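Enquirer: For reference, the structure I am asking about is given below.
Bear in mind that the values in this text are calculations on the coordinates, not laboratory data. Bear in mind that the values here come from a model prediction, so they are computed numbers and not experimental data. Every residue, glycine as well, gets a Cβ built from its backbone with ideal geometry; the counts of neighbours run over all protein chains shown.
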Amino acid sequence: MLDTALGRIRIILVEPAGPLNVGSVARAMKNMGLHHLVLVNPQCDRLGEEARKMAVHAADVLESAKIVKTLPEALQGCQRAIATTGQNRSLPTTLENPKSALPWLLECSSALIFGREDNGLTNAELSYAQRLIRIPSSDTYASLNLAQAVAICCYELYQVAGEMGSGGDGEMGNGEVEENSQLPITHYPLPITNYQLSITTQAPLEALEGYYQQLEASLLKIGYIYPHTAASRMEKFRRLFNRAYPSTAEVAMLRGILRQIDWALQTYPKSAVNDTLDASPPDCSKD
């Protein structure tokens with residue numbers, strides 16, 4: 001079960017600059033049973049001598065690492081994503097403790113996202129994740145090295161994966177916890193009924209990304225957002241839907257609404273004004 005649960009998780013590094021860090025990350029991952037490393041636009045050679053030196057016996061993790069250009073590409077195939085941040089910035093999303101948040105990733109294909117060594121993830125990049133975590137550290141020196149942060153999170157995942165009960169087929173018993181497990185039910189982010197349902201129906205992140213792109217295009221057409229405000233407004237929409245954990249069917253419904261809006265914009269005269277009490281559509285029979 002442990003291998004199955006951990007095998008569903010990918011570690012994503014956004015624009016890592018240090019080969020020593022990348023090699024250390026690979027070693028920490030293999031130490032804790034994780035193998036899927038994704039590098040977004042890396043600024044160093046993952047297969048160079050420095051990276052291999054730090055990876056030691058985890059060179060296979062480096063060699064099998066996937067290289068992509070963008071964060072959305074790195075998240076394809078995932079249903080859930082948690083991003084890490086260590087900076088004291090003003091964020092509308094609550095920063096959680098890794099111990100309580102990370103178990104949420106073990107139920108399905110998921111991603112854990114880490115930012116650049118110097119300034120982490122941008123607010124826009126953080127909005128691609130449904131939840132955010134911050135590793136508690138001393139106020140005397142709060143900033144953690146990238147590889148250290150990855151190691152701490154991988155350890156937490158490894159510990160929880162070993163503690164949670166098996167459903168007999170590599171699954172986690174539909175959200176239940178073994179009698180002797182040290183992980184309390186309150187660590188789950190949703191009521192148990194909804195949580196169990198979301199495991200199988202939650203939309204993959206690429207489906208949500210397609211919806212966001214379509215939503216932005218529609219809102220630009222109707223003038224609700226403008227090119228210079230689109231990025232900040234879309235971050236707010238992302239946070240809204242990230243909290244909702246929509247299902248695949250719900251995302252399809254939302255996209256259907258947008259398609260109908262686009263059709264209406266092309267079909268009905270822009271000058272038509274409907275003052276009828278029953279709000280019936282304008283009579284376009286003569287057009």
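Enquirer: Among 8-15, 261-268, what's the highest-first ranking by average C-beta atoms within 10 angstrom per residue?
Expert: 8-15, 261-268
Enquirer: Oh, and also: Provide the FRET efficiency to the nearest 0.05 for the LYS53-TYR212 pair, computing r from the beta carbons and using R0 = 51 Å.
Expert: Working: r = 41 Å, r/R0 = 0.80.
Efficiency computed from Cβ-Cβ geometry: 0.80.
Enquirer: Once you sort the root eigenvalues of the Cα gyration tensor of the stretch 1-158 as a ≥ b ≥ c, which label holds: rounded (a/c under 1.5), prolate (a/b larger than b/c) or oblate (the other case)?
Expert: On the way: a/c = 1.38, a/b = 1.19, b/c = 1.16.
Rounded.
Enquirer: How much length, in nm to one decimal, is gained on full extension between ALA124 and GLN260, taken as 0.36 nm per residue of separation minus their Cα-Cα distance? Write down the numbers at each step before the final one.
Expert: Numbers: separation 136, 0.36 × 136 = 48.96 nm, distance 2.84 nm.
Stretched fully, the ALA124-GLN260 segment lengthens by 46.1 nm.
Enquirer: How much length, in nm to one decimal, is gained on full extension between GLN76 and THR4, taken as 0.36 nm per residue of separation minus their Cα-Cα distance?
Expert: Details: separation 72, 0.36 × 72 = 25.92 nm, distance 1.91 nm.
My answer for the length gained is 24.0 nm.
Enquirer: Taking a label point 7 Å from the Cα of GLN159 along the Cα→Cβ vector, which residues of the stretch 98-117 have an amide N closer than 18 Å to it?
Expert: 98-106
Enquirer: What FRET efficiency do you get for ALA231 and ALA142 if R0 is 30 Å and r is their Cβ-Cβ distance, rounded to the nearest 0.05? Please list the in-between numbers first.
Expert: Values: r = 28 Å, r/R0 = 0.94.
That pair, ALA231 with ALA142, gives E of 0.60.
Enquirer: Evaluate the distance, in nm, between pseudo-label points positioned 7 Å from the Cα of TYR224 and of GLU96 along their respective Cα→Cβ axes.
Expert: 2.7
Enquirer: Sort 249-258, 21-30, 224-233 by the packing proxy (mean of other Cβ within 10 Å over each peptide's residues), most packed first.
Expert: Working: 249-258: 13.9, 21-30: 25.9, 224-233: 12.1.
The most tightly packed comes first, giving 21-30, 249-258, 224-233.
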